[in-house]
Structures are given as C-alpha cells and as structure tokens.
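> Here it is: the structure, laid out below.
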Amino acid sequence: MGSEGRHWPLPEDAPAFADLSRCVHCGLCVTACPTYVVTGREAESPRGRLYLARAVSEGRIGLTEAVEAHWDLCLQCRACEAVCPSGVPYGRIMEHVRAQVAAAPAKGRFARRLRRLVLRNLVARPGVLAAAVAPVRWFAGSRTRRLAVKAGLLRLPSMVGRLEKQLPHAPGRPLRAGDALPEVEAASSRAVLFTGCVMGELFGNVHRATARVLARAGIQALAAPGQVCCGALSAHDGDLAFARGLARRNIEALELVGEDPIIVDAAGCGAALKEYEQLLAGDREYAVRARAFAARVRDASEFVAELPMKVPARLGARVTYQDPCHLAHAQRIREAPRRLLAGIDGCTLVETVASDLCCGAAGTYGLLQPAMSAALRARKAAAFHRVRPDAVATANPGCQMQYEAAVREAGLSARVVHVMELLDEAQARAGG
Amino acid sequence: MTTRRALVDRLASVVGPSNVVHRREDLLVYEFDGTIEQSLPDAVVFPGSTEEVAAVVRACNSLGVAVTPRGAGTGLSGGAVPAQRGVVVATGRMRRILEIDPLERLAVAEPGVPNIQLSEAAAEHGLFYAPDPSSQKACTIGGNVAENAGGPHCLALGVTTNHVLGLEIVTADGEVVTLGGRTCETSGYDLRGVFIGSEGTLGIATRIVVRLLPVPAAVVTLLGVFDSVERASATVSAIIAGGMVPAALEMIDRLCLQAAEAGLQCGYPADAGAVLLVELDGVDEVVGPQAALATAACLAHGAREVRTARDPAERELLWKGRKGAIGSLGRLAPNYYILDGVVPRSRLVEVMARVSEVAKEYGLLVANVFHAGDGNLHPLLLFDDREPGARARVLEAGAHIMRACVEAGGALSGEHGIGFEKRAFMPWLYGEADLENMERLRGVFGNGGRFNPCKLLPTGTGCGEMGHNQAAMRAAGPEAYV
Ligand SMILES: Cc1cc2nc3c(=O)[nH]c(=O)nc-3n(C[C@H](O)[C@H](O)[C@H](O)COP(=O)(O)OP(=O)(O)OC[C@H]3O[C@@H](n4cnc5c(N)ncnc54)[C@H](O)[C@@H]3O)c2cc1C
Ligand code: SF4
Ligand code: SF4
C-alpha cells in the first residue's frame, strides 16, 4: 500500500491504486449506470466517480462535499462492474471510498454518524431489531394502514408516506436465526437458510416459502442459530470494521453446523456472503475460512434451478421478473430465476425494458436519496404499465418493497412476490 | 478576459443555473475522453434544446470563449477535450428519439441518444441502425456524426455518412441550419457530407435523421482460430479476393484476445495467436454457401479451428469479446495509447511487422484489434502514465507507426478522427494549399478559431500541449511528406 493512502483520512482502508488504475476511462459502463441514465451527467457515472476517487487519491482535489455528493448518489448497484471489460472492482472501490468519507473529519457529518450508530445497534442485535420492526410489521398488515391510505392521511410527501407505500401487505410471522422449521420426512440432505436482519423480521413468509420449496426436493432447511446480519448495509455505508465483525460471527456460527450449503433468498445478503473473503482479506486466518464459507453460499434460485429433482408447479399468471442488482450484477445470476418461473406450468414470463436497471431501493438509499430513488421507481412503474403483469417477481426484500410502491404508482393491482413465494405457491397448487 | 463568474452567470441565464457546472470537482470529469489527453474546462453546460444550444454558442462567441461539443466522451482522438479550456457543451439532456417512421424507414433523434438505442427502438418494426461502433452502448449519435464513426458491420453497409440523411445543426457562429433532409438525394452541394466527420469543429448537431435498414433474415457468425496474425491476415485477403463482402471481418491478436477472454469470458481460446470473426448475413440461400466458403478459406490458410455460433446468445458472446477488447486492456496496464491507421489490405502483414518492430524498439507492449476487412488497424500501446517519460516514448512510437501507415499508402484515421493528437501528422498527407483550403471551409461555418480549437487541422495557436507531439512527429520523419 505504501504512500497510496496518504491523501485519504483512513489510509489502511484506502481504495487501492491497482483497483483505481484499472479504469482506462473507455466509458463503456456509463449507460449501464442508473444515475447516468437519469441525469446524463459524467459526475453521476461510474467513470466519473472513479475519476474523482483517483483525483483525491493523487491529491489533485480534496475530499470536499461536492465530491461526496457524487459518490453519495451512487446506488452501489454494481451494474457498471458487470459490464466493465477491464474488470474494475467498482463495488470494492466504492465501499472503501465510503469508509473514507465516513472517517473524514469535516463538519456536516452528524447525519452519517447517526446513521452508523443506528445501523450498528439495530442490525447486529436481534432483540433490538425485533422490537424496532414489530410495530412496522403490525402496521403493514393492519386495518389502520388501509384506513389511513383511504383517508389520504399518508399522501404527504413525508418519510412515513414513502415508507408506507413500500411495505408488504401481509408480512407474516418473522423467521429468525434458531427458529424451528417444519421437519421434512426422509430428508435426503440438509441446507442452512440464511435468515438475515430485516429479511427475517419482515419477510418471514419468503423464508418459509424457500424452506418448503427445498422440502419438496427432499432437503431439510435449518435456520441455524447464531447467525447475524450479513453486514452488507454497513459495508456499503463504509463501516468496514463493523461489517468484518459480523462476517466473523457468521462464519463461526455457520461453521458449527457442518458443510451444508448456505441458501440465501435475499440477493443483497448473498452477494455480501460470497464476498467475505475480500472483506476479510487483511485477516489471514479468517480470509481462509471465508473462502471455504463462500464456497457454500448459494442464492436460492441458483440452488433450486440446479436441483436434479423437478417438482411439478402450476400457476396461470403473467409474471415479469425484475433482476435484483446484487443478483444480476454482483452474483451474475440472471437465468436461474427466469428458468424457474418459465418452468411453472401456465406461467407466462413477460420481459420489461431494463429489467436489470436498479429500482432505486438499494438498502437505505431510498431514505437518503429520495429524489433519485423516486425517479428510478417511476421508470419501473412506467415499464409495468406497459406490460401489465399479474405479478412482479424479484429476489430481494428491498426491491420487493420498492416494487410495491411502483405497482401502486402504475395504478395496477399486480402482486409483488419473491420468486420462491411464487414457486412455492405453484408447487402447492400442482399438488406438492 | 471574462471572469469565470460572468461566464457562468451568462450561461445560467440561458439554460438555468442547474444546467451549468463550474466547481472544480464537477469540471474534472470533463477534462478527458477515451484518450490520454486532458484539459480542464471553465464551465460545462447542458442545453435542453436547439435554441438553447444556439444561445449558448452565441453567448460564448460574444465573450470570446472557446466552445467544445461533447457527447458521451468515448472519443479516441481527444475531440471532446477542451484544449483551450472555455465551455464544454454536453448533449446529456438532449436524449430523445423524436420519431421512428417504419414506412420511410428512418428515425429522427436528438444528438445525445446513445447509438444502440436507435436499433433498440427500431427493433419492434424489424429495423435497425447499421453503424455499430464497438462503443455503441455508450457513444452518442451526435458523436458518431462528428467522427463519421464506423464499426464492425460497416464493411458491407458503410459508415455513418452513408446512413445519415439530414441534420439540424447550430453552426460555430450560433446559427441554426438544416443540412440534407429526409431522403437520400438532395440537390446542390452536399453540406451534410461536409459536416459528417468534421469532428465537432464546424458546429453542433442538434437533430439527426438516420436511415434504418431491415434486420437481415439470416446471420452466421464464425470464429476462426489461428496461430498467427499472418495466417489470419492471409485469410482476410483470400475471403475478399473470392468476391465476398462479409457483413463483418474482424481480427484480434493474442495479447488482446487474452485480455478480452480474461475480462469477458467470451469463449476465445487464450492460446491462439489471432482470432478472426467473420459474420455473414442476408437470406438463407446466400448465407449458407458463403459461410461454407469462408470456413474453407480459414482452413486453407491454416486455421486451427473454425467455430460457428449456434444461437444468438453465442453470437452475442463472440461479439462481446470483440466490442470489449479495447476496454479490457486495462487489465494489462493502467494506460493505453490507441492508434487508428488504415492501410491497403494487401500490406497489412508488412505494416503489422513494422508495428511490432517499433514497439520492441521502444520497449512497449502492443496489442492489436483490426477491422481487418477495411485494412483498419488499431495498435494499442500499453504503458503507465505515472512513469516519467513514458508518455513521450509512447507518442513517439505512435508517430513511427502512423508514419509506416502513411508510407504504405494508407491514411491517418479509419474512424476515430484526427482530433487533438494526430493533427500534427496532417502535413504528411496534405500540402499547404490543401490545408489552407480546409481552413477556409472551416471559416465558412464561422468561429475565428474558438470553436473546438486545436482539433483536426494543424494550424491555430495556443495549443500548448501540442508541443510534445510535434517532437514525436519530427522524430518519425520530415514534415512535408507529400
Ligand atoms: C472501447 C471503445 C471502442 C470504440 N470503437 C469504435 C469503433 O468501433 N468505431 C468508431 O468509429 N469509433 C469507436 N470508438 C470511438 C468513439 O466511440 C467514437 O468516435 C464515437 O463516435 C464518439 O462518440 P461520443 O458520443 O462519445 O463523442 P465524444 O467523445 O463526446 O466526442 C467526439 C467528438 O464529437 C464531437 N461531438 C460530440 N457531440 C457532437 C454534436 N452533437 N455535434 C457536433 N460534434 C459533436 C466532439 O466535439 C468531439 O470532437 C471507440 C471508443 C472506445 C472507448
Ligand atoms: S469502469 Fe471499466 S467500463 Fe467504466 S470507464 Fe472504467 S474501464 Fe471503462
Ligand atoms: S454502482 Fe450503480 S449507481 Fe454506482 S456507479 Fe455503478 S452503475 Fe452507477
């Protein structure tokens, strides 16, 4: 590393020059970038953001608020990374850049500190998280919500109003680490279900659907105890130290249950878990363990699509699939979920334009950058309006929430589901 | 001298304050394009309409500030780099496709529309826009017009100028003018043709009418795998001599295909000396026999293997490698200097040998991609700009290579344009009188040398950084070559 980091406030986590210099500014990535697509501006493009990082790295400019604003607008969707012929590890660079911004001693960072504090105390503490989410979950499925919407109480352009639009309508019971899942008779193998933080609290239904899909293939799912948040939200926010702590805890917890595959039904978590080796690169012992760990991690669609046993599934519906960024771009999985949906008897898979352009949810982004988030959501709403699906399927909780809002914006009544939920339902209908 | 403040205020009064940027951090990302050139503008402005473009140009003229048009900044000759600072006029807000007329088979677009979107929008009518630069996902139609861009599929179908019917432009004087129209033939001087390829030195295209073609019924894509560039080149000559004009005929050398394979997993055998991509299209009855002939030609010239793409996905993968080949070189070195020489096809092998020789002399790694069918070569010299003296060495080696192309009876640019860095070489091809005439033509559109200055023509003052390239040129041979 040497003097590379000397213009950054946190030299040990400075973006590596070898990473930055891989960008030859060919520009092939710009139109894959949602924020460039919306703004048409170079500073809101991957190439622009990398160029600014390099300029800071070389001491040409300081870490000013103007620079930070361009980085802040980045969704960390990694669409740029997937199309870059030069292999610029954009995701890694941006995590390191965010770590610098968070460490910078300038003023006006109160909000960032607060965010970090909340994140640290929420996602890693199951009890606190459960207590915090409980009222939200209650509200999501309540009569109060329906009445409030009817009365127009939430039409205010407030944070509450925005949140309301995104909540699932029947969140179901949570599923947390250590919870029991129905026993599968004569199971032929076992798999760990990664429960996550918000996912487990608000999308317990999805986890259960995944477990049932696995069960029909003779696989016993296990919500192994001791696992915690994957750390993605913290890493994206630049809180690498904290993310590393979570990674170590997950590695330890899931090593205890053996070698079974780790099935993840939240694309963002899956991408993070698969990249633990990179996150822990500075820690020799854990980096090695992380590699063995990552080799076990599979996205639910990826895993199920490859199972030799085909379970009959039937469901008459027009379904559109929207790629979660961290599935399509970070994990490069595009075909598996489509194959599963197209394999459902009676299901018509309809494609929209730009199904792999970020929906604007992006973890906490929707709250921090409401205007860009809304602009991207509006594109999805317009796309849905054109193809008029019965259901919108995706594979990540944040996206699901954003699509709830987009569908409503489009004036449609389509339901928003996880691929596993739809598959589970279709299998159940086919008599499984 | 106008102060920056006054300039920004004046521009803001035309396009609104949110459409002018002027902080250093915001300007920095407009100091470059796809090349290694750099120069920081004083302001960047995003006009939203033809009228705003015209008003911006007039404002800059009245303040005596240089104007440089910019599309997506993928250019490979420094065209969008504001050599004398001043104002960059970016087309990022003018990105609408205004019309697709399937009966007339044409489209009308604003200049900032990415090339590929024309084909995407025309697809529902079974039509497409033919010129397909490798950068087509990002580069704009306005930038294509300015550079008269080509692409792999331009071998049979022709380059940008063969597909643009008409233009609305704002001249360097700030006047709105229409050139050409909606049909192929217009009477009088072909000013449309003059503007296309003028590298943003005559004005800014604000509306572009392009011809659309029907998507061919059948397509076959072959990948010939060779042990050497020589064998692949001989195959190219044989295919063309056989009377066939494939839709595309592209060659990639070892270094380049290795980088592409590493970056894009496109299925190129990494131990090959060169691969040849041959695409044939048209009706089934013709394409089948042509593919057989092309395959035979490959094998007759020592191809180790000839693969045929089995489906559109496989075809796309083969093309992904070719289209990402240049960008993938970032895996090998932090910088590359890309050349764009054209030589008669028959001299390709000989010039290639010279290219390797020069690279060796200067201790540089060189990778090559070719639009082999047109004799258009793109040697890419790899280097690290942080190394003292590296840039000068690369420029000098580049000058020797360009010289070799000219001496072989070729040209200075196949498709990337002359731009900033290659303008010093113009006297190799043109005498003083020719250059003067070009200068006069430029003057007709207005400007007084302040419109995209220091580009295309070797005249003009105050282009400081030009110094090193002139030195490079002198090293490569006498100035007056013709
Ligand atoms: C990886 C890679 C591969 C490439 N492959 C090819 C290829 O196969 N074939 C090929 O021909 N080129 C290729 N290029 C070069 C480049 O993409 C083309 O020259 C393209 O036409 C530039 O378009 P742009 O929008 O990026 O223009 P810019 O780079 O922004 O500008 C290029 C020039 O056009 C001018 N200009 C831009 N917009 C306008 C306008 N509206 N009116 C007037 N002038 C304007 C600018 O002033 C400048 O002089 C490649 C580039 C890269 C990086
Ligand atoms: S990130 Fe990759 S694709 Fe984008 S400009 Fe840099 S090298 Fe090109
Ligand atoms: S991660 Fe997404 S938003 Fe950020 S630069 Fe890349 S493409 Fe753009």
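> Taking the range B:160-172 only, how many residues are surrounded by fewer than 24 Cβ atoms within 10 Å (Cβ to Cβ) and within 8 Å of ligand 1 (Cβ to nearest atom)?
So the answer is 0.
> Would you confirm, using the coordinates I've provided, whether A:ALA253 is touching a Phe, Trp or Tyr at 6+ places or on another chain (Cβ under 6 Å), modelled with pLDDT of 95 or more, in a helix (DSSP H, G or I) and not β-branched (Val, Ile, Thr)?
So A:ALA253 fails the test.
> Would you say B:ALA107 is crowded, with 24+ Cβ neighbours inside 10 Å, within 14 Å of chain A (Cβ to nearest Cβ) and not polar (S, T, N, Q)? Reasoning before the result, please.
Details: crowded, with 24+ Cβ neighbours inside 10 Å: yes; within 14 Å of chain A (Cβ to nearest Cβ): no; not polar (S, T, N, Q): yes.
So B:ALA107 fails the test.
> OK, next. Of all residues in the range B:5-55, how many are in contact (Cβ under 8 Å) with a residue 60 or more places away in the chain, within 23 Å of B:VAL176 (Cα to Cα) and β-branched (Val, Ile, Thr)?
Residues flagged as in contact (Cβ under 8 Å) with a residue 60 or more places away in the chain, within 23 Å of B:VAL176 (Cα to Cα) and β-branched (Val, Ile, Thr) within the range B:5-55 amount to 2.
> Now for a separate question. Out of the range B:6-21, which residues are within 11 Å of chain A (Cβ to nearest Cβ) and not β-branched (Val, Ile, Thr)?
Selection gives B:SER18, B:ASN19.
> Quick one: in the range B:121-174, of everything that is touching a Ser or Thr at 6+ places or on another chain (Cβ under 9 Å) and hydroxyl-bearing (Ser, Thr, Tyr), which residue is nearest to ligand 2 (Cβ to nearest atom)?
Ranking the candidates gives B:SER135 first.
> How do the strands (runs of 3 or more DSSP E) wholly within the range A:327-432 filter down when requiring 2 or more residues that are of a type in the set (Val, Ile, Thr): which remain? Spell out the reasoning first.
On the way: elements: A:345-349, A:391-394, A:415-418.
Ranges flagged: A:391-394, A:415-418.
> Are any residues in the range B:40-78 among the small types (Gly, Ala, Ser) and open to solvent by 10 Å² or more (accessible area, probe 1.4 Å), and if so, which ones?
B:GLY48, B:SER49, B:ALA55, B:SER62, B:GLY64, B:GLY71, B:GLY75
> Which one of these does B:LEU27 not meet: (1) part of a strand (DSSP E or B); (2) within 13 Å of chain A (Cβ to nearest Cβ)?
Looking at each condition in turn, B:LEU27 falls short on (1).
To keep it simple, each residue is scored yes or no on (1) closer than 18 Å to B:ILE204 by Cβ; (2) under 25 Å from the mean Cα position of the chain (by Cα).
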{"site": "B:SER13", "(1), (2)": "no, no"}
{"site": "B:SER18", "(1), (2)": "no, no"}
{"site": "B:VAL29", "(1), (2)": "no, yes"}
{"site": "B:VAL44", "(1), (2)": "yes, yes"}
{"site": "B:VAL57", "(1), (2)": "yes, yes"}
{"site": "B:ASN61", "(1), (2)": "yes, no"}
{"site": "B:GLY75", "(1), (2)": "yes, yes"}
{"site": "B:VAL81", "(1), (2)": "yes, yes"}
{"site": "B:VAL87", "(1), (2)": "yes, yes"}
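> Would you be able to tell me the number of residues in the range B:369-427 that are open to solvent by less than 10 Å² (accessible area, probe 1.4 Å), small (Gly, Ala, Ser) and not in a loop (DSSP other than H, G, I, E, B)?
Adding up the residues that qualify gives 7.
> Turning to a different aspect of this structure: Considering the range B:353-367 alone, what residues qualify as being surrounded by fewer than 24 Cβ atoms within 10 Å (Cβ to Cβ) and not β-branched (Val, Ile, Thr)?
B:ALA353, B:ARG354, B:SER356, B:GLU357, B:ALA359, B:LYS360, B:GLU361, B:TYR362, B:GLY363, B:LEU364, B:LEU365 - these are the residues of the range B:353-367 that are surrounded by fewer than 24 Cβ atoms within 10 Å (Cβ to Cβ) and not β-branched (Val, Ile, Thr).
> Is one or more of the residues making up the range B:259-269 within 14 Å of chain A (Cβ to nearest Cβ) and acidic (Asp, Glu)?
yes
> A further question on this structure: Run down A:ALA330, A:ALA406 and say which single residue is surrounded by 23 or more Cβ atoms within 10 Å (Cβ to Cβ) and either assigned by TED's automatic domain parsing to the domain that holds A:CYS80 or within 16 Å of ligand 2 (Cβ to nearest atom) (or both).
After applying the criteria, what remains is A:ALA330.
> Inspect all residues belonging to the range B:319-341 and state whether any of them is out of contact with any Lys or Arg (no Cβ under 6 Å at 6 or more places or on another chain), open to solvent by 20 Å² or more (accessible area, probe 1.4 Å), more than 16 Å from ligand 2 (Cβ to nearest atom) and away from chain A (no Cβ under 14 Å).
There is no residue in the range B:319-341 that is out of contact with any Lys or Arg (no Cβ under 6 Å at 6 or more places or on another chain), open to solvent by 20 Å² or more (accessible area, probe 1.4 Å), more than 16 Å from ligand 2 (Cβ to nearest atom) and away from chain A (no Cβ under 14 Å).
> Go through the range A:117-135 and report how many residues are farther than 13 Å from A:CYS229 by Cβ and among the charged types (D, E, K, R).
0
> Would the range B:250-257 turn up any residue that is within 14 Å of chain A (Cβ to nearest Cβ), within 16 Å of ligand 3 (Cβ to nearest atom) and either over 18 Å from B:ASN376 (Cβ atoms) or open to solvent by less than 10 Å² (accessible area, probe 1.4 Å) (or both)?
No, the conditions are met nowhere in the range B:250-257.
> May I ask you to verify whether B:PRO114 is within 16 Å of ligand 3 (Cβ to nearest atom) and modelled with pLDDT of 95 or more?
Criteria met by B:PRO114.
> How about the range A:14-35: which of its residues are within 13 Å of ligand 1 (Cβ to nearest atom) and within 25 Å of the chain's Cα centre (by Cα)?
A:LEU28, A:CYS29, A:VAL30, A:THR31 - these are the residues of the range A:14-35 that are within 13 Å of ligand 1 (Cβ to nearest atom) and within 25 Å of the chain's Cα centre (by Cα).
> Moving on to the next point. Restricting the search to the range B:84-106, which residues are within 14 Å of ligand 1 (Cβ to nearest atom) and in a loop (DSSP other than H, G, I, E, B)?
Within the range B:84-106, B:GLN84, B:GLY86, B:THR91, B:GLY92, B:ARG93, B:MET94, B:ARG95, B:ARG96 qualify.
The values are calculated or read from the model by the stated rules, or taken from the named source; none is laboratory data. Remember, predicted model here, so these are calculated numbers, not experimental data. Cβ: placed from backbone, ideal geometry, glycine included. Neighbour counts: every protein chain shown. What goes into the accessible areas is simple: the full protein's heavy atoms, side chains included, and nothing from ligands, DNA or RNA. Shrake-Rupley method; radii C 1.70, N 1.55, O 1.52, S 1.80 Å.
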